[in-house]
Structure formats: structure tokens, C-alpha cells
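Read through the structure below, which is laid out as C-alpha cells, and then see the notes.
The values are calculated or read from the model by the stated rules, or taken from the named source; none is laboratory data. Quick caveat, the model's predicted, so the values are computed rather than measured. We place every Cβ from the backbone using ideal geometry, glycine too, and count neighbours over all the protein chains shown.
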Amino acid sequence: MGQDSDPVVLRRNCKAVVIPAGFEIELNKNELVYITQAMGGSFTVYFEGSLYRIAGKDADALGKEPMAVPELSEEATREDFEKLVWDQMRTCYDPEIPINIVDLGLIYGIEVDDSDPDALKLTVNMTLTAPGCGMGEVLVEDVRDKVSIIPTVASVDVDLTFDPPWSQDMMSEAAQLEAGIL
């Protein structure tokens, strides 16, 4: 636990995911936890010797505000829409790595089915840093949740692939600098 950990007493019971195992538990009201990472609307907390991820929808349990719902103007172009999708995915973080999944190189691309402009269907192609990552389903669900709240999005499929396998070369230069690789 670092010096920048923020002690918080939980205001209500809330679900949490054990890092890195990926299974869900419930943390109880009045428990003292330490926020070790708060990025992209979700939180990594330290409690009784373990790390847990608390989803942004449960921010109030920590006394925090949830992230605002993204807005898309009625005059938005396809490029504006796609930029918003990428921006939303940039709010998704691996609970153990303080770098967003786009800059980590985990997003291989998006496909937009705009046959109904008022009910867009998206497919996000992504990978994980390792095939056995216990947090994989958590990251997939985070992408699905954050992209599905964009106005006009009717559905989001996240296709997890390991071809090509992820490598550090897929990280943005900024992410490599932040991780100390460059």
C-alpha cells in the first residue's frame, strides 16, 4: 500500500472483484478500505491484504461521484461518434496497471453496423496482456458498459481474440514511457 492510498469507510455494501483472480465478492458497509487507484471511473482498493476492483456504478459506496454519461450532439459525424467510442474505451483501465487499455494496445479495432442510425451495433475487437488473465472478463464487461451508454448505441459485442498475441510493442509510446519501457 503506497503513500497515495486514500482511506475510505464504505457507505454501503458493494460488489468487488478480487484482483487478479477475477471472482466477485461483497464488501460490507463500514469496512475501512484504501483506494490505491481511481482511474476511468472505477476504483482499485486495498482491504485486508488484498486488492479489489470496485466498478464506477458503485462509486457512491466510496463517497465518490460516478462518471458522467457521454454526450453526442445531434450533428455528430461518424468520425465524432467513433472518436467518442475510443474516448470511452480510454476510460477502461486494468486494475493493476495505471494505463488505459487503448494505450496498452489491447483494442485491435471497432466495427460499426449503422444500418439503423438510431440503434447502432458495435463490435469491439480486443485482447488481453495474457490469455489466462483473471481480470479478462472484467475488462470485457467494462468496455461493454462504457461503450453501451453512448447515445444511439443499441448493442455492443466484445470479441476477445489472442491473434495476434499482445506484446509490449503494441503499447503507445506514451504508455511505454509511463511503464518505463522506453
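For region 162-182, how many residues are surrounded by fewer than 15 Cβ atoms within 10 Å (Cβ to Cβ) and under 17 Å from Ala130 (Cα atoms)?
As a first pass, look at region 162-182 and keep what is surrounded by fewer than 15 Cβ atoms within 10 Å (Cβ to Cβ): 162-165, 167-169, 172-174, 177, 180-182.
Filter once more, so that each one left must be under 17 Å from Ala130 (Cα atoms): 162-165, 167-169.
Result for region 162-182: 7.
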As an exercise: evaluate Glu71 against (1) among the charged types (D, E, K, R); (2) free of Cβ contacts under 8 Å to residues at least 60 places away in the same chain; (3) exposed (fewer than 12 other Cβ atoms within 10 Å of the Cβ); (4) not in a strand (DSSP E or B) and give the number of the one condition it does not meet.
(2)
Answer residue from region 55-68, given it is touching a residue at least 24 places away in the same chain (Cβ under 8 Å) and part of a loop (DSSP other than H, G, I, E, B) and is farthest from Asn13 (Cα to Cα) among those
Met67
Scanning region 41-58 residue by residue, those closer than 20 Å to Pro70 by Cβ, of a type in the set (D, E, K, R) and in contact with a strand residue (DSSP E or B) (Cβ under 8 Å, 6 or more places away or on another chain) turn out to be Asp58
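Return the only residue of Thr123, Thr91 being modelled with pLDDT of 90 or more and either within 27 Å of Gln176 (Cβ to Cβ) or small (Gly, Ala, Ser) (or both). Walk me through it before giving the result.
Numbers: Thr123 fails: either within 27 Å of Gln176 (Cβ to Cβ) or small (Gly, Ala, Ser) (or both).
Testing whether each residue is modelled with pLDDT of 90 or more and either within 27 Å of Gln176 (Cβ to Cβ) or small (Gly, Ala, Ser) (or both) leaves just Thr91.
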Do any residues in region 11-22 that are over 10 Å from Asp60 (Cα atoms) have Cβ atoms under 7 Å from those of residues that are among the acidic types (Asp, Glu) and not in a strand (DSSP E or B), where the two are at least six apart or on different chains, and which pairs are they?
Lys15/Asp58; Ile19/Glu96; Pro20/Glu96; Gly22/Glu137
So which pairs qualify, if the first residue must be in region 113-131 and in the same structural domain as Tyr93 (by TED's automatic domain parsing) and surrounded by 13 or more Cβ atoms within 10 Å (Cβ to Cβ), the second must be in a loop (DSSP other than H, G, I, E, B) and among the acidic types (Asp, Glu), the Cβ gap must be under 6 Å, and the two must be at least 6 apart or on different chains?
Leu120/Asp114
